[in-house]
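Trainee: I'd like to ask some things about the structure below.
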């Protein structure tokens, strides 16, 4: 049999690696197996010059392969965090509404009975098993159950492998910690400016120094930041990138080992203490952010799944007042002293590091859950908590989470995106069963559309007051830099994108529609009016939604905006979003307008993506 010839029309990644390519699209099999970027452009890239640029790309691919190997090892380990399910009681529903959103809850396994992560994931994560490399027999905890970890096949993950923090730590690690606090965190969360009375961001330093999983994860993120954002020019930068790449891999391994150990210690306790449970949830949310930023793959679904289960478990054990989940009750138990409740007249409250940490990671998790639902084609799994945690209601001393404080836009617009996602699920289920009523669909959509328009109108009123403006002025604020109040502009961007999302759910893929064209045009203007291109990093989902529906003559505007971000376009999911948009643009004129939608865009790269 003659030897199989290598492909000369395969992806450019395989070409520079001198490997055979099967030419599968959008990701070839060799690139998918290694979890590396598959450059399958039809035109020859500029860096294919047989010179220094091509060598630089080859070096970057090698680094990406090493990171992928580290990530796969970490994935196998993190899957063991929730190895066994043991439960003594069934779940109490938070509200009767949960029955309609989540369906009937199946009986819990008996104590000690294992449940596979594949079985659990199939019920909540569409196609979760198709791309994620999961080992059989790995379990995931459910609310009310005990987190447990078995140590078989993990003999090499002993406590001695994780160094204790001390004052004699490596100076380079401490430098990376400060790099994260001074540079990386403000890039990730540019709108998070808690007041001095709220403790500022000091809780982060407290958390980093006492929580080794967070410590190692943020060093990994800082290392990656150094590798993609040039601090030096020329060959010095390549040396710096090489050093930080090694640090990234080392710290990522240590972070996962620490999470495994913490989970094992927590599972050995009869009643899981609140602080330890909250710390573990924060660790997993941070690991989720790490996964999405470093190398966006389908693995994020597993981390999100674990974080959601831990979140629900915490509220069902420590945060219920009757049938209502109450954030203030959880926060009160995280405090060593009296917990001051926010009231309409007092909009700040003294927070401990544990309280501030839990509020922060809960807010980020709720955002990730809603955005992920648009890709996973399922209702937000934490939707039943929205009315208790994401409303502006101060009744009964409850302390809601104002997303404006964390991600820059107001709660109502993200809540409506969650409702649109639920409407999309309802429509597809009704259509599949042959029971879809267009009149009912339009009625449901009209209610959401009315609230979207009302919210946008409120933003334009002179009396509209953002959270930043409503915070009390303190004397020291006069001497400090005050960030620009961009809340209204950011909320409008999300609202315009929500309009586009709603339109595609109701009417299908109609990019030539006047309403679609109008909202895309508004978004292009709004993106251009941002005070800094760096803020686009926080708007990847609306940016991608608008870009996918853009006309051919608008494509260059979106490419130029990504280019304007400079190296920051590689720090997060913006380049992935552009890749999705390019793929959708290449399909223009060939798309089935009845079946194609936003969810289809968000999986066109070969796996479902989380654009945060």
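Taken together, the values in this text are just the output of simple stated rules run on the coordinates, not laboratory data. What you see is a predicted model; the values in this text were computed from it and never measured. Glycine gets a Cβ as well: all are built from the backbone with ideal geometry, and neighbour counts include every protein chain shown.
Trainee: Given the C-alpha centroids of the range 212-231 and the range 43-72, what is the distance between them in whole angstrom?
Mentor: 20 Å
Trainee: Normalised by the residues of the range 261-317, what does the relative contact order come to in percent, with Cα pairs under 8 Å and at least six apart?
Mentor: Details: 30 pairs, mean separation 19.7, N = 57.
Reported relative contact order: 35 percent.
Trainee: With each label point set 7 Å from Cα along the Cα-Cβ vector, what nm distance links residue 29 and residue 450?
Mentor: Between residue 29 and residue 450, the label points sit 5.5 nm apart.
Trainee: What whole-number value in cubic angstrom gives the convex hull volume per residue for the C-alpha atoms of the range 417-463?
Mentor: Working: hull volume 2.4 nm³, N = 47.
With only Cα atoms used, the range 417-463 gives 51 Å³ per residue.
Trainee: If Rh is defined by the Kirkwood formula over all Cα pairs and Rg also comes from Cα, what ratio Rg/Rh do you get for the range 502-570?
Mentor: Details: Rg = 12.4 Å, Rh = 12.6 Å.
Dividing the radius of gyration by the Kirkwood radius yields 0.99.
Trainee: Also, I was wondering about something else. Rounded to the nearest Å, what's the spacing between the alpha carbon centres of the range 400-466 and the range 499-547? Just the number, please.
Mentor: Rounded to whole Å, the Cα centres lie 15 Å apart.
Trainee: Given the peptides 587-596, 377-386, 276-285, arrange them by the average over their residues of other C-beta atoms within 10 Å, most packed first. Mind showing how you got there, number by number?
Mentor: Details: 587-596: 11.5, 377-386: 21.8, 276-285: 23.7.
Result, highest mean Cβ count within 10 Å first: 276-285, 377-386, 587-596.
Trainee: How high is the relative contact order of the range 12-78, in percent, counting Cα pairs under 8 Å that sit 6 or more residues apart? Mind dumping the intermediate values first?
Mentor: Details: 47 pairs, mean separation 19.7, N = 67.
Result for the range 12-78 is 29 percent.
Trainee: Let me ask something else. Among 174, 260, what is the fewest-to-most ranking by other Cβ atoms within 10 Å? Write out the running numbers ahead of the final one.
Mentor: Numbers: 174 12, 260 22.
Arranged by neighbour count, lowest to highest, 174, 260 become 174, 260.
Trainee: Projected area of the range 12-78, taken from the Cα convex hull and averaged over every viewing direction, in nm²? Each step should come with its number before you reach the end.
Mentor: Details: hull surface 18.9 nm².
In nm², the orientation-averaged hull projection of the range 12-78 is 4.7.
Trainee: Still on this structure, please answer the following. Checking a compactness column here: for the range 572-612, what do you get for Rg(Cα) / (2.2 N^0.38 Å), N being the number of residues?
Mentor: Details: Rg = 10.3 Å, N = 41, 2.2 N^0.38 = 9.0 Å.
Compared with the compact-globule rule of thumb, the range 572-612 sits at 1.14.
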